[in-house]
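A short worksheet on the structure shown next.
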Amino acid sequence: MGAADELLAQMRVQGAIPRHVAIIMDGNGRWARERMLPRPVGHRHGMKSVREVVEASIEAGLEVLSLFAFSQENWQRPAGEVSALMSLLEEYIQKETRELHEQGVRVVFLGDLDRLAKPARAAVDRVMALTAPNTKLILNLFISYGSRAEITRAARLLAEDVAAGRMTPAQVDEAALTGRLFTAGCPDPDLLIRTSGEMRISNFLLWQLAYTEIHISPVLWPDFGRGDLYKAILDFQSRERRFGRVSA
C-alpha cells in the first residue's frame, strides 16, 4: 500500500468526506520559473495534476470538485500566455473528454464563457453536452470567472425580475440571489484548497465560501497530487464546523 493509499484509508475511518471541494490551482508560473522554463510549460504540467485530482476525488467519494482555472483578471496577462492557456483548454477537452465521460464525470464550465474564442467555446459546449447525464462526480471548471462580477450579475437579474413585476422587493433574499449565481443548485464548498502557499481567495466564490474551511498547501500546483488532496481532506476532518453556533 502506497502513502496515498494509506492516507485514503485513514480518511475513510477518520470522519465524513466533504461533499464539495474547491481548489485554487496556484503555482504553475512559479514552478516553471524555478526550472527556468516558460510559464506555459508550467500550465501544461498543471494539466496532469488536474487529471490526478479528478481521479482522486472519484476515489474519495466527493460529489463536487470545483477548479479555478482562469479568472477574468487573467485576460490582462500577456497575449501569448492567454493564447497558450486557451490552446491548453482545447487540448485538455480533446484529450480528457472520453475518459471523463467513461468515469461518469459531469463537466460544467462556469464563468463569462462569451469571452472565449469560437473554437474554445465550441469545445466547452461539446463536453458539457456529452457529459450532462453523468452523476459520479460534478467537475466545475471556472473559466473567465470573477466572483464580484458573478454577484453583480445575480443582483442585476434580481433587479430585472423586480422591475418586470415577476417578484417583489420583499422576495429578494439569500435564496433568491443564490439561485441566480453560476453555481445555482450546487452545494457550497465544504473545503477550499489553495496551492503554492499563498493566502488569498483571489475573487473566487466570495458568496459561496461563507462557511467553508480553508486549507493552504505549500505545494505548487504542478506537483500537487492524490496524496496532497487526501492530506487536505484529513485536515478538514480534524476541524469542528460550527457555522456561527456555539461548540457542542
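How high is the relative contact order of region 193-241, in percent, counting Cα pairs under 8 Å that sit 6 or more residues apart?
Values: 38 pairs, mean separation 21.6, N = 49.
Dividing the mean separation by the residue count of region 193-241 yields 44 percent.
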Cα→Cβ-extended label distance, 7 Å offset, between Val172 and Arg19, nm: 2.8
Charge dipole (region 81-194, unit charges on Cβ, about Cα centre) - positive-most of Ala176, Leu137, His101: His101
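Given 0.36 nm per residue, what is the gain on full extension from Arg156 to Glu59 after removing their alpha carbon distance, in nm?
Numbers: separation 97, 0.36 × 97 = 34.92 nm, distance 3.96 nm.
Result: 31.0 nm gained on full extension.
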Positive minus negative residues near Ala129 (Lys, Arg vs Asp, Glu; Cβ under 13 Å): +2
Leu130 versus Ala164: modelled label distance in nm, points set 7 Å from Cα along the beta carbon direction: 3.4
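How far, in nm, would the chain grow between Leu113 and His101 when pulled straight, counting 0.36 nm per residue and subtracting the alpha carbon separation? Working shown, then result.
Working: separation 12, 0.36 × 12 = 4.32 nm, distance 2.15 nm.
So the chain would gain 2.2 nm between Leu113 and His101.
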Proximal lysines to Lys48, defined as alpha-carbon separation beneath 17 angstrom and excluding residues fewer than eight positions away on the same chain: Lys95
Reduced Cα scattering model of the chain, Debye log10 I(q)/I(0), q = 0.15 Å⁻¹: -1.14
Additional length obtainable on full extension of the chain from Met199 to Asp235, 0.36 nm per residue less Cα span: 11.3 nm
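The numbers here are math on the coordinates, done by the rules we state, and not lab data. No experiment lies behind these values; they were computed from the predicted model shown. Glycine gets a Cβ as well: all are built from the backbone with ideal geometry, and neighbour counts include every protein chain shown.
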